[in-house]
1. Over the stretch 463-507, calculate the relative contact order: mean separation of alpha carbon pairs under 8 Å at least 6 apart, over the residue count, as a percent.
2. Once the Cα atoms of the stretch 253-304 are picked out, what are the Rg and Dmax in Å?
3. Return the long-range amide H neighbours of Arg400 (sequence gap of 5 or more, or a different chain), with a cut-off of under 5 Å between placed amide H atoms.
4. Calculated FRET efficiency, Arg355 and Asp208, Cβ-Cβ r, R0 60 Å, to nearest 0.05?
5. Could you tell me whether the stretch 331-433 comes out rounded, prolate or oblate from its Cα gyration tensor? Rule is a ≥ b ≥ c as square roots of the eigenvalues, rounded for a/c under 1.5, then prolate if a/b exceeds b/c, otherwise oblate.
6. Note the full-extension length gain between Thr443 and Asp184 as 0.36 nm times their separation in residues minus their Cα-Cα distance, in nm to one decimal.
7. What does the extension gain come out to for Asp222 and Thr399, with contour length at 0.36 nm per residue minus their alpha carbon separation?
8. Take the Cα pairs of the stretch 189-339, get the Kirkwood Rh, then feed it into Stokes-Einstein at 4 °C and 1.567 mPa s and tell me D in µm²/s.
Amino acid sequence: MNRTTLSLIAGTTALAAVTGFAALSAPDDTPGPDTAKAAAQLPVERTSLLCPAPSTSDLAETSYTSFTPVTKGTGSGGKAELDAATEESADAPPDGKGTGDGKSGGRDGGKEGGKSGKDKPAEPVLTPKEPGKPVTGDSSGGDAPALVGTADGRFAPGWTVQETTEVAAGTGRGLQGVNCAAPDTDFWFPGASTQADRTDYVHLTNPDDSAAVVDIELYGKDGALKSTVGEGITVPPHASEPVLLSTLTDERQTDLTVHVNVRSGRLGAAVQALDDKLGGDWLPASTDPSGSLVLPGIPKDATSVHLVAFAPGDADADLKVRLASPSGLITPAGHETVHVKGGMTTATDLGDVTRGEAGSLVLTPTDRSVPVVAALRVVRGKGGKQETAFIPATRPVGTRATSADNSGKGSTLSLTAPGAAATVKVTASAGSEGGTPVSKTYTIKAGTTQDIEPPVPGGLKGTYALTVEPVSGGPVYGARTLAADEDGVPAFTVQTLPDDRGTVAVPKADEDLSVLQK
C-alpha cells in the first residue's frame, strides 16, 4: 500500500469523524434515498448576552428584566444567569493601548476596569427560574457593573434581557434603555457625537477567558478622523471598558459614525450618548451594511427626527427616503432622497416627519445598491423639557422577537410591513409576580406602520414580556417604546425587535459506515 493510498484513507477517515459519518450526495434532479434532506430548525443550545454598565450617576435607578419564551423541543434541563463583569482590568500592557494607563478614555481614568475577581459576588445578579415568566432585578447609583450572561438548554432559545435606567437630573437625564446583546466582532454606530454638549462612551465588554483587542474608527462629514489612541485597545477577560469618544480625537463633530472592529476575541459593544440638555439614551449597533434599511417605531409625537447614514467603502449611495405611515408609504416633502458619500457620515434633519402619526423610515436605493448603515436620533418635547432616544436600522422580526420589561402603562409596540401585508401574533407573557398569558393577532397592511397598545396579561402583577411572531405575509419590522413623564419631561426609550435567533438550521445527516470502505 503506497503513501497516496494511505493519505487518501486517512483523509477519508478524518472527514467521516468530523461530519459524524454523515452520508453526503451530489444534487440530483430525481430525489433518491441518499438525497440530502432540508435542514431542520432546532432550538439553540447556548446563548450569551452582555449588558453594559448602566450609569455613573448617583441618581441612577436601574432595573433588569430577563425572559425566555417557551420553545418546543428544548427538553427540561438548562439554566441562565447574569454575573457581574468584575475582573481586574489594570493588567493591560502599559503602552497606551490598554485599559491600565488612562489613555483609553475609561470613566475611571484607567485605574480600574472593575473590582477584582475575589470581590465577585457569590450569587448571580439574576437567575431565571423557568421559561415563560420574567425575572427582575435592580440596582441604584453609579457603581453598577457591566453584566455577562449565559443561558443553556431550555433557557437559551430567544433569551432576552432588558436594561432600563432612570436618571432624575444631570447630563443624560431621562429614561435610558438597551437590550443586552450577544458578543460579536464588528459593529457600526452611526449617530454618535463629540460635540461640546455631548458625552458619548462606547462600552466594550469581554465575556471570554482571554483578552480581546479592538480598533475604534471614527468617521465624520469629511471622512475618517485621525486617531492613534483608538488602535489596539485591549479589553481584559471578563471585563468591561467604557471609552470616551472625545479622547480619541481632537475634532469636535456633531455627527459621527463609530466602527468597532475586533482584531482578536469577541465583544459586546454599545454607545451611550448623553446630552447636557436633551437627555440621552443608548445607541445600539445598526444592522449589517445593506442597500435597503428599515428604521421602525418613530413615536408619533416626535418633535425632531435626525437621520445619520454612512456608506463603508469608496462608493457613494443614493437613497430614496420614505415614511411608512398608518395609511401607506409617503415621501417626506423636501427629503425625497439623500446622497451618502463613500466613507463619509451624512446627516439629514427630517423635522417632525411623523406629524402626529406612527411611522417608520424606509431607505431604498434610487439606482444601484450600495451597502449603508443608518440610525435615527429622535427627540420628544419642547424647550427645556426635551428627551432623546435612538433607533438604529434593524433586521426583520423573522421567526420571533421578544421585548422584555413592559408594564400595564407606558409601552407602545410599533410594527411595520414595508412590502407585503402581514399577519402577526403578539403574546403577552405571565407577569414577573403573577398573571396569565394573553395572545392577540394583528394584520399590518402593506407599506404601513401600526402602533399597538400591547395586550396585557390577565391579573398582571409586576412586569411582562411581549413576543412577536409573524404568521403569514411579508417581512415585519418592529420596535417597542417605553415612556414615562418625569416632572414634565417626556422621558422615553426605544428598542428595536430583530429576530431573536432562537433556532438554528441543522442539516439532516445519517450514519453511513460504508463510506470508510469506498
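The values are calculated or read from the model by the stated rules, or taken from the named source; none is laboratory data. This structure is a prediction, so every number in the text was calculated from the model and none was measured. Quick reminder, even Gly has a Cβ in these numbers, built from the backbone with ideal geometry, and neighbours come from all protein chains shown. Surface accessibility is based on the protein's heavy atoms, side chains included, excluding ligands, DNA and RNA. Shrake-Rupley method; radii C 1.70, N 1.55, O 1.52, S 1.80 Å.
1. Details: 29 pairs, mean separation 13.0, N = 45.
Relative contact order here is 29 percent.
2. 14.3, 43
3. Amide H neighbours of Arg400, under 5 Å, 5+ apart: Asp500, Arg501.
4. Details: r = 47 Å, r/R0 = 0.79.
The pair Arg355/Asp208 has a calculated efficiency of 0.80.
5. Oblate, since a/c reaches 1.5 and b/c is not below a/b.
6. Numbers: separation 259, 0.36 × 259 = 93.24 nm, distance 3.42 nm.
Full extension from Thr443 to Asp184 adds 89.8 nm.
7. Working: separation 177, 0.36 × 177 = 63.72 nm, distance 3.98 nm.
Gain on extension, Asp222 to Thr399, equals 59.7 nm.
8. On the way: Rh = 17.2 Å.
Here the translational diffusion coefficient equals 76 µm²/s.
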